[in-house]
Structures are given as structure tokens and as C-alpha cells.
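In what follows, a structure is listed as C-alpha cells, so that the remarks can point back to it.
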Amino acid sequence: MNDLKKNNGGGDIVINLEHIGMIYKTGSINYEALKDINLTIYKGEFFSIMGASGSGKSTMMNILGCLDKPTSGKYFLEGMDVSKLDKDQLAEIRNKKIGFVFQGFNLIQRLSVIENVELPLFYAGIPHKEAVIEAKDALRLVDIDENKENNFPNQISGGEQQRVAIARAIVHNASIIMADEPTGNLDSVRSSELMSFFKKINEERNVTIILVTHEPVVAAFAKKHIIVKDGHIVND
Amino acid sequence: MKFPILLDIQSAFKTFTRNKARSFLTTLGIIIGVASVIATVSIGQGASASVQNAINALGSNLLIILPGSSNIGGVKTGFGELSTLTLKDAKAIRKLPAVKTDSANIRMNEQVIWRGNNWATSIMGSSSTFPVIKNWPVTNGAFFNSQQVNTAANVAIIGSTVATQLFGLMNPVGHIVLIHNVPFKIIGELKTIGFNAFGQDQDDIVIIPITTMMEKVAGISWINIIMVSAKSKQDTLSAQNEITALLRQRHHIPPHKPSDFYVRNLTQIAQTAGSSAQIFTILLAAVAAVSLLVGGIGIMNIMLVSVTERTKEIGIRMAVGAKKNDILKQFLIESSVLSLFGGILGIGLGIGISDLISIITPLKTILTIEPIIISIIFSVGVGVFFGFYPAYKASNLNPVEALRYE
Ligand SMILES: Nc1ncnc2c1ncn2[C@@H]1O[C@H](COP(=O)(O)OP(=O)(O)OP(=O)(O)O)[C@@H](O)[C@H]1O
Ligand SMILES: [Mg+2]
């Protein structure tokens, strides 16, 4: 561990995966989606994961994001072993430390833009008045104007929806943002626009960003890269 | 510190207002269930109040003596058993210490004849205070006075049903009718009051002075009802005992044999009416339970659909930190708000139906706060109970799978 720290100029370790394996069971068939993954990510890193379709990127993101538990190995998040936690404890970790940006935007259609952004604060038990102020701040950071706050997700563009998703990811001061193909549904102009917001957040707020993408142009925004192939990390 | 529950309720409301038609149809079962409870309870209370009023109108010290065996064990004496009370019994009862002297009424069934017409009705012997005591005025002519009672005058007051049967549209006052072959002059006609709570036509009656009844009409006839008042409310029990002892002695009934008459006081009559009201209430409760059950299943069904439709939303909520209980609470509140909403609409509808019945039928329905409060509590209960399974299902979704759901 100390060696790793030194390699990165003494930064704090945020994520440490030790021999992580993931086996999906469908009926009698076992599918090994991840095999012996070892990975260390430091605070403030902008990290990209690339790889072919079906290689195990999303599986890895789900484990890193505490949405799923690995079938073997240990996962230390900010020094805490989270591979043994139960559903509610994982929910609390996601709420406090992790923000998600998904390919499909994943905003709740029945809620307005600002209500979507308030959601993590709602589950953190933060009073409504305070939550509104913080949600507005987060929205300003990704250049969503006040006059669009009360729109519903289907009343704003795809690029704007994805920025709202970023606002939701950072509103509760998450230390890590997990973005699984966030530009997958955007054209190249919107893609680089969106990526510039990730970059801004990474630089200004020192938020660790883990980005899964197919596109080298998008991956180029990251400072560190890994490639996953058949459930292994092949290149660092 | 958690968010105030108000916000959850507010968000539940938002869900329903976005799907008004479905929310309304979902709660229809609850609406109909609660409305029928409110309406039928108000009918039941109205009916039992009118029975109570009818009983109270008889006067609270009233005792009723009826012929017939009291039917507890014992051998029935046969066909003639209904003719066990005589005029002499009535006279003797009036002299008992616990019985008020001026208040006896005697009833018997007789033919009333006027020219070619005749009508079988109930003839009542009463005192001059009858219109005041019964709050039943004469609208045409006048009631007989105490002097006419003392002299056993041949005068009669006619009920409106009898008047119509004998005289049609003619004014009956001043005409002479025959009762038990004795001529009576009609000097007054009673106000029409219609049917009582037991379904008897109260206007089918002729009233004559009790003295005339005893001296000239009843003769050796059997009497089918004697009504007397106890001196006071406290005296009713002793009056009842005195009457029972007196009549048993007069009828020579040995101690081990049952009486050949009944003595009933008002409390006993009210109890009989009360117990039938209770059966009615139980029936209502059963109907209500069934309709609320059906309504609850409707809610459960739609909540299950809602959970499936919103799988992705549940996944998103879990991803940003919703715990099992948060999801459970959200769906439970939604189902309770939905059924509470149905309950409130149902109460409105029920009050409307109850008012309508008061307007279009003679029955005056009575609405109290209890069934309304119970309905509200029940509909929320139904929402919680039938919403639990869908909510539990939602809270146990796997976040990864829920997020992948399209
Ligand atoms: N719940 C599951 N049950 C069974 N197999 C699964 C499950 N989820 C993923 N897999 C399998 O695991 C492998 C890795 O899937 P994963 O979604 O991680 O791929 P990916 O690298 O994200 O691909 P893509 O680039 O297409 O998103 C695939 O072969 C997939 O079929
Ligand atoms: Mg994927």
C-alpha cells in the first residue's frame, strides 16, 4: 500500500480492489465476468476504462459503485471493506460518497429537473430548503439556467439531461463519480461539451472520476487509462 | 433528521394527478364501499331514531298489557287463549296504587257502521287528556271533554283513515255511527299522522271516552290491549308486579303455571327494537367489509402495476441512496393516500345519498361523525394493508437489475 502511495506522489487511495472476481449464475450456467481484478485509484484521479462490448466494464462499474457485490475478493473504499456490507449500508455509501452518470440519462421522468437533483439530499435527510439551495448551486455549475429548473426531463435536450445527471451526482459532494458511457447517446459536439464539465469538476473540486467509454476522443479527457478484456485488466 | 412526511404525501399526490383517470378508477371500489357504509348507517340511525321516537311518544311510564300466554314452557290452552283480558280486569287495574287513575286506554277491534258502509277498526277508550298527552290534535271539530268522560257520553273522535272509508270526502263531524250497536255522535276528526315505525296505520282508529267504552261498548267483550301509566317512572316495576299479581289472582292461575297475559314496560319494548337495530348494524358491517376488501384488492392490483412500471425509477432512487425502508415508505404512502382519497370521495358521495334519501323519502336519515371517522381510518388501513405487498416487492428489487429495466 505504501508503495502505491509513493507512486502517486503521496495522494490518498480512494479505491483498492484485491482479487475481485464476479461470477453470474444463470440457471446451471456460470459466467465469469470478472477474473482477479486488482486496481488502485487515488483521490482526484480522472480514470478511463475502455474495452470491447461484453468485456466486463459495466460489471466492474457496478461493483465500484456499490450497486452490486463481487462474488470474490475484497473492495476497500476509502479504507473501508465494503464487500461485506448489506444492502442498506451500501445504499448509505452510495448516497454519501458516489455519484452516478449513466448512458441512458436515468432521470426520473415524473420529477422536475431540480427535484431530480435534490433526490440524493432527500435520502440523506437534508431539510428541503437547504436541498433546494444546494441543487441550484449544482445546476449552475453545469450551466443549467434557473428557467429550466422546473422543466421535466423530456422538456430539455439530451446534453442538458446528462448535465442534470452530473449535477445530481455532485450535489451531495460525492468524492467519486462513476460514469458508464455518459456520451453514448450524444453527438460529438455535445460529447466534448459534457466532458469539459467532468474535467471542470475533476479539477475544481478534486472529485475522482471513473469513466467507461468506447470512444478514444472521450477517453482522452482522462489522465489514466485501463483496458478490460474478457474480465481482465490488460493494460495499465 | 428525515424529510417531513408531508413531502412524501405531496409527491404521492403528484403521482396521482398525472394519472387522474386511473387513480379515480383504482379508488372506485373504496369510494363505493365507503359511500354505501355512510349512506346505510345514516339510514339505520334514522330508522332506529324514528322507532325510539315512536316508543317515547307513548310516554315513558307506559305499561302495556296484552292477552296470551307468555309462552315460557307450559301447555298452551288453545284457540281461545287470546281472549283472556276483560273489561273488569281493566277496571281493577286502574285501582292499583302504582297505576295512574286517569290514564288507562283500552283497545278492542269493532265494526263501525254508518248507513250502508262499515269498517273494522280499533276502538280506543281514553280520557279527555289524550290529545295533549299524545301530542295528537283534532283538526276538525273538538275532542271530548272531562265532563263527557264523567257522564259516559256517546261521542266519538274519528281517525282520518276511518273517516275516508266511511264518509269519503264528506265531513264526518255531526254524523251518527254505530259501534257494537250503540249510536255515537262524531264530534271531531284527528289530524292525519300516517304510519308508525312498526308499519301500522295510526289513523285507523276511533276514540271514545273510556267510561263509555267500559259501560256501554265492551260489555262482556274481550279486550285486546290495556294501556296504563305508572304513577312515576320509578313506579313502573312495582306497577308491573302489582298488575301481574292482580291478574293472576283474578284469572285463578296456580303458582306453577305461566300467566295468560303479558305486561310489558317501555324499556322492554325499546330493547326489542334495539336488538333488531343491532342485527341490521352487523349486516351493514358485513357489506362494508366485503366492499372495502374488493376496493383494497383493486388498490393492490394497481400498485403492483405501478411498481413494475416504475422499476427504473426505483433503481435510480436506490442508486442515489434510497434504502429499503425509503422505497417501502414511498409506496405505502402512495397507496394510503390513494385509498384515503377514495375514502374522502366516498364520504362525500355517501352524505349526498343520505341527504337525497331524506329529501325524496319520508325517512329522515341521521349522519353522525363516528361512521365518517371510522371510514377514514378504515380506508387508510386498507391502503396500508393492500399496499404492503407491492411496496415490499419494490423495496426488495436489486438496484442493478432495476436500473437495467426498460
Ligand atoms: N446479470 C447478469 N447475468 C448474467 N450475465 C451477465 C449479467 N450481467 C452481465 N453479464 C455478462 O457479463 C459480461 C460482461 O457484461 P458487462 O455488462 O459488464 O459488459 P460491458 O463491458 O459493459 O459491455 P458493453 O460495452 O456492451 O456495455 C457479458 O458477457 C454479459 O453477458
Ligand atoms: Mg456496459
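The values are calculated or read from the model by the stated rules, or taken from the named source; none is laboratory data. This structure is a prediction, so every number in the text was calculated from the model and none was measured. For neighbour counting, all protein chains shown are included, and Cβ atoms are generated from backbone atoms with ideal geometry for every residue, glycine included. To get the accessible areas, we keep the full protein, side chains included, count just its heavy atoms, and leave off ligands, DNA and RNA. Shrake-Rupley method; radii C 1.70, N 1.55, O 1.52, S 1.80 Å.
A:Val189 contributes about 90 Å² of solvent-accessible surface, heavy atoms of the protein only, 1.4 Å probe. When chain A is treated as a GNM with alpha-carbon contacts under 10 Å, the residue of A:Ile114, A:Ile41, A:Ile23 showing the greatest mean-square fluctuation is A:Ile23. Considering all different alpha carbon pairs of the protein assembly as shown, the Kirkwood hydrodynamic radius works out to 32.4 Å. Where the centroid of each part is defined by its Cα atoms, how far is segment A:169-229 from segment B:303-328 in Å? Taking the Cα centre of segment B:303-328 as reference, the centre of segment A:169-229 is 27 Å away.
Estimated from the Cβ-Cβ distance and a Förster radius of 45 angstrom, the FRET efficiency linking B:Thr15 and B:Ile369 is about 0.90.
In terms of accessible area, using a 1.4 Å probe and ignoring ligands and nucleic acids, A:Lys84, A:Lys35, B:Lys91 rank largest first as A:Lys84, B:Lys91, A:Lys35.
For the chain pair B and A, the buried solvent-accessible surface (1.4 Å probe, both sides summed) amounts to about 2700 Å². Span-like helix check, chain B: qualifying full DSSP H segments, with Cα axial length of 27 Å or more and mean Kyte-Doolittle of 1.0 or more, are B:266-309, B:324-360, B:369-395. When DSSP beta bridges are restricted to pairs lying wholly in the protein assembly as shown, around 65% turn out antiparallel. Computed from the C-beta positions of B:Phe280 and B:Arg250 and an R0 of 30 Å, the FRET efficiency is 0.15 to the nearest 0.05.
Entry note, chain B: relative contact order of 29 percent, from Cα contacts under 8 Å with a spacing of 6+ residues. In this structure B:Ile374 has an accessible area near 100 Å², from a 1.4 Å probe over the protein heavy atoms. Two numbers describe the Cα atoms of segment B:83-259: Rg and Dmax, which are 16.9, 56 Å. For the protein assembly as shown, the dipole from Cβ point charges (+1 on Lys and Arg, -1 on Asp and Glu) about the Cα centre works out to 1900 debye, to the nearest 20. Short-range pairs are left out: with C-alpha atoms under 8 Å and at least six residues apart, the relative contact order of chain A is 28 percent. How would you classify segment B:122-190 from its alpha-carbon gyration tensor, with a ≥ b ≥ c the square roots of the eigenvalues: rounded for a/c under 1.5, else prolate if a/b is greater than b/c, otherwise oblate? Oblate, because a/c is 1.5 or more while a/b does not exceed b/c. Within the listed set A:Thr183, A:Thr59, A:Thr71, the residue fluctuating most in the Gaussian network model of chain A (springs between alpha-carbon atoms under 10 angstrom) is A:Thr71. Note: chain B, Cα convex hull, 219 Å³ per residue. For segment A:82-236, a/c is not less than 1.5, where a ≥ b ≥ c are the root eigenvalues of the C-alpha gyration tensor, and a/b does not top b/c. That puts it in the oblate class.
The fraction of accessible area contributed by carbon and sulfur in the protein assembly as shown is 59 percent, rounded to a whole number (1.4 Å probe; ligands and nucleic acids excluded).
Using a cutoff of 8 angstrom between alpha carbon atoms and counting only pairs six or more residues apart, the relative contact order for segment B:83-259 works out to 33 percent. Helix A:188-205 and the longest principal axis of the Cα set of chain A meet at an angle near 80°.
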